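I have placed the structure first, in the form of structure tokens, so that the comments after it can refer back to it.
The values are calculated or read from the model by the stated rules, or taken from the named source; none is laboratory data. Keep in mind the model is a prediction, meaning the values are calculated, not measured. Heads up, the Cβs are rebuilt from the backbone with ideal geometry, glycines too, and the neighbour counts pull from every protein chain shown. Protein only, heavy atoms only, side chains kept; ligands, DNA and RNA dropped before computing areas. Shrake-Rupley method; radii C 1.70, N 1.55, O 1.52, S 1.80 Å.
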Amino acid sequence: MSTTTTNYGLTKPDSNDYYNIENHNDNMDIIDAQLKENADAAAAAITSYGTTATEVATTNSGGSAMTVSRSDHVHGLPDVTTTATTSEASLADGETFTTIDSIITDGKGRVTAKNTKTVTLPSFLSKALTGLSTASSTVITVTDTILSAIGKLQAQITTHNGLTSTAHGATSAATPSTIVVRDTSGRAKAAKPIVADDIVNKSYADQFAPWSLLQSYLTAGTYVFTAPDINGDASDYKIGIFIVGGGGSGGAVRSFYGGYRFVAASGGGSGHSRCFIMTVTPGAEYAVVVGAGGISVFTTTTGAGQSGGTSSFDGKTAFGGSGGRVAVSNDTRNGVVSGADGAQGSSGRYWNEPSDIACAYGTIDFSFYNIMSNMYAYNGRTVPNECFNPFSLERCLAAGGGANGYCDETRQYAYGQSVPTLDDGLSAGAAAFSVTPSNVTADDSTSVGCGGGAALLAYYDRNYSSTITSGAGADGAIMIYARKAVS
């Protein structure tokens, strides 16, 4: 059996019904009538409310309910959420651009611009900062004006630029992970280097710097050495000590007819030396003793030289050189003398040995052998390695010159040793000798620790009164060195 629709009563045949043209036509009539009714109602509504924008007023406050109204009634519309879409454009200082002041909508809901406005940006870049103050450098806050904030920022920059020792925690100490700043003396410290490209500090560099003379004592006497603060930080450091004992004086001798005819005298030996390295503390005191040179022998006949005094530093010693020896005899076999001992020993002399040059710098001289007497004139003991200063890298020390001679009633012979000029421009004492009636005085040593020269007179008249004076040995020395990369 057929049924009808709920709203308009249209006939719906059953699946078992035969097709009925009348039912179909009835349905078409119902639809046609309802469409006509709807069209007429819509046209009547448009005529009643109007279609222009000036007839309709709308309000909407960012997502709140919107209303559409005329003078005679108001329509409420659903809540509307608006989403703004913005775009950016680069504008230059002082540039002009156009903005939309208002819009209208047509009857189909399309929006068009109604009024536009031309806007020119202010010329901020060329505007003077009138009233700018840099008196305050406090922290900028959200309540500051732009002018006030700029003033504070400039004050902070000026203050920071003027910092010399505290910016960013800078320090002159060797502090890890900090900025380095020089102290009031223009210095900054660094830790001991470990790898190849580390900065080298002075303490490390001093280990490889050459030794420099820190203090010297060159005159016999007793002193106290106070270690200076060479690093400026009261730290311990090493010093090198070179000790030299006093040089011995030369021997003095006279030959005359009827007395001792075959004579010889050796020069004084140089003082011994000693060197060592020790660690000292700034302000600590150390005892210093400089040994005196052997004094001259003043005689009318014969006298052996005097030994030099012992030098010491902090209890460590270097002995003085031996005094020159003498030999007198009426027998040619006994007219021979041995040299004096020292770091540089002096030469032994035989009565008829020719003149030559005294030894220096640890030279080992050949002992003179006399065939007639089958005797050696032995040289004094020498220690060559003591004749070099390892801190200044200079040679040093020499023995005094010896002398020898003979006389009888008709003949007088005398010989002696000259001395070389040493590296310091000074020398040991040269021998003095004469065969004419006169006083004879040998040379004193002028270079530290060196030996004095021997003196000899060979004159036949035993009644002639004369004085023979040997040369004095030089005082010893204490030389103190330190490694300093910067003096």
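Entry comment: accessible area of segment 280-352 is 37 Å² per residue, from protein heavy atoms only and a probe of 1.4 Å. Beyond 29 Å in Cα-Cα separation lie the following of the pairs K189/K316; K127/K152; K192/K316: K189/K316; K192/K316. Only protein atoms count toward the accessible area here, which uses a 1.4 Å probe; on segment 253-358, the carbon and sulfur part of that area reaches 52 percent. Cβ-Cβ distance of T134 and H168, R₀ of 30 Å, FRET efficiency by 1/(1 + (r/R0)^6): the value works out to about 0.85.
Mind putting a number on the dipole of segment 398-487 about its Cα centre? Charges go on the C-beta only, +1 for Lys and Arg and -1 for Asp and Glu, and I need it in Debye to the nearest 20.
Here segment 398-487 has a charge dipole of around 280 debye.
If you look at the Cα atoms of segment 205-285, you get an Rg and a Dmax of 22.0, 74 Å. Summary of packing: across the peptides 388-399, 435-446, 127-138, 453-464, the per-residue average of other C-beta atoms within 10 Å ranks them, highest first, as 453-464, 388-399, 435-446, 127-138. Compared with the direct C-alpha span, the chain from L147 to R381 gains 74.8 nm at full extension, assuming 0.36 nm per residue.
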